[in-house]
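**Student:** To start, I am sharing the structure in question, which I have written as structure tokens.
The values are calculated or read from the model by the stated rules, or taken from the named source; none is laboratory data. All values derive from a computational prediction rather than experimental measurement. Reconstructed Cβ throughout: ideal geometry from the backbone, glycine too, with neighbour counts over all protein chains shown. Ligands, DNA and RNA are excluded from the accessible area calculation, which covers all protein heavy atoms including side chains. Shrake-Rupley method; radii C 1.70, N 1.55, O 1.52, S 1.80 Å.
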Amino acid sequence: MRQNPFGSDGPKVSVIGQGTWYLDRGDRKAAIAALARGIETGMTHIDTAEMYGDAELVIAEAIAGRRDEIFLVSKLVPSNASRRGTVTACERSLARLKTDRLDCYLLHWRGSYSLDETVAAFDQLVDAGKIRSWGVSNFDTDDLDELLAVAGDGKIACNQVLYHLGERAIEHAVIPWCEQHGVAVVAYSPFGHNDFPPARSKAGQLLQVIAEAHGASPRQVALSFLTRRPCVFAIPKASSHEHAADNAAAANLTLSENEMTVLDKTFPRGPKPRGLPML
């Protein structure tokens, strides 16, 4: 599994990780098996959140006895992001995950609490050894500028944002900002939200042609394209161990310049939006 540094001074982390949104809504045994298979194939970057229902509990079962192999990330909701609330939320996630630390802890999106409070709590958690790093999710460049002014250089580990073939808005400003400041970009919903190009569509047929040229799958092509920059990671969810293995193989797929040019034209990033797209 290809690994890249996670942030300016972070450890090397698997470029393709495992998302867990809605993981708790299907077959629990199948979900645990998918996570376990993903870990075996090198997808040791596992992302979750306190708002993902029982996903943290499912993950706890999947990583039991293997915690040291995992780069574990969770997120707190903005309504809990006061200084005391952040610490309490983190401790609750740790208990549900049955671990003593998170590798990265994120503010899920911007809320009403001041960033000073949340950052102070993050720093407190780092000092206590309960988290190793922290970051944010769904932050646009103006939010990132404000956060940088509060936290200082080298503190923001990542920004987790919506990014897939049909939604490339972050390429306009967010990715360049993160590259400049040594912040990892983590793509959530990298296959879209139930809108991956259908096999019979022109876009779907193009993905299939490129996939066949590499002995790969269309979804592997999509993941390879999205993670072409060293700062970008992707966290697709897998509902089965076969799907997990398919996702993992994307890390070893290298697209040619011509293939990336064709994909760029077929899935144009479009004009810069007024606001950051998010789910």
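**Student:** Out of the residues in segment 57-85 that are of a type in the set (Lys, Arg) and under 18 Å from residue 96 (Cβ atoms), state the one that is least open to solvent (accessible area, probe 1.4 Å).
**Tutor:** Looking at residues that are of a type in the set (Lys, Arg) and under 18 Å from residue 96 (Cβ atoms), I get 75.
**Student:** Across segment 1-56, what is the total count of residues that are of a type in the set (Ser, Thr, Tyr), more than 23 Å from residue 91 (Cα to Cα), within 15 Å of the chain's Cα centre (by Cα) and open to solvent by 10 Å² or more (accessible area, probe 1.4 Å)?
**Tutor:** Counting residues in segment 1-56 that are of a type in the set (Ser, Thr, Tyr), more than 23 Å from residue 91 (Cα to Cα), within 15 Å of the chain's Cα centre (by Cα) and open to solvent by 10 Å² or more (accessible area, probe 1.4 Å) gives 0.
**Student:** Do we find that residue 269 is over 30 Å from residue 59 (Cβ atoms), surrounded by 12 or more Cβ atoms within 10 Å (Cβ to Cβ) and either among the small types (Gly, Ala, Ser) or at pLDDT below 95 (or both) in this structure?
**Tutor:** Judged against the criteria, residue 269 is a match.
**Student:** Just to be sure I understand, how many residues within segment 176-203 are over 30 Å from residue 147 (Cβ atoms) and either hydrophobic (A, V, I, L, M, F, W, C) or in contact with a helix residue (DSSP H, G or I) (Cβ under 7 Å, 6 or more places away or on another chain) (or both)?
**Tutor:** The qualifying residues number 5.
Matching residues to (1) of a type in the set (Lys, Arg); (2) open to solvent by 50 Å² or more (accessible area, probe 1.4 Å); (3) more than 25 Å from residue 266 (Cβ to Cβ); (4) in contact (Cβ under 8 Å) with a residue 40 or more places away in the chain:
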| site | (1), (2), (3), (4) |
| --- | --- |
| 171 | no, no, no, yes |
| 184 | no, no, yes, yes |
| 230 | no, yes, no, yes |
| 234 | no, no, no, yes |
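**Student:** Can you give me the ranges of the helices (runs of 4 or more DSSP H) entirely in segment 36-133 with at least 2 residues that are free of Cβ contacts under 8 Å to residues at least 24 places away in the same chain?
**Tutor:** Of the helices (runs of 4 or more DSSP H) lying wholly inside segment 36-133, those with at least 2 residues that are free of Cβ contacts under 8 Å to residues at least 24 places away in the same chain span 83-97, 115-127.
**Student:** Here is a list of conditions, (1) surrounded by 19 or more Cβ atoms within 10 Å (Cβ to Cβ); (2) aliphatic (A, V, I, L, M); (3) assigned to a helix (DSSP H, G or I), and residue 157 meets all of them except one; can you say which number that is?
**Tutor:** It fails just one condition, (3).
**Student:** Filter segment 213-236 for residues that are more than 19 Å from residue 257 (Cβ to Cβ) and either out of contact with any helix residue (DSSP H, G or I) (no Cβ under 8 Å at 6 or more places or on another chain) or part of a helix (DSSP H, G or I) (or both) and give the result.
**Tutor:** Those that are more than 19 Å from residue 257 (Cβ to Cβ) and either out of contact with any helix residue (DSSP H, G or I) (no Cβ under 8 Å at 6 or more places or on another chain) or part of a helix (DSSP H, G or I) (or both): 215, 218, 219, 233, 235.
**Student:** Name the single residue that is farthest from the chain's Cα centre (by Cα) among those in segment 239-258 being among the aliphatic types (A, V, I, L, M) and open to solvent by 10 Å² or more (accessible area, probe 1.4 Å).
**Tutor:** 255
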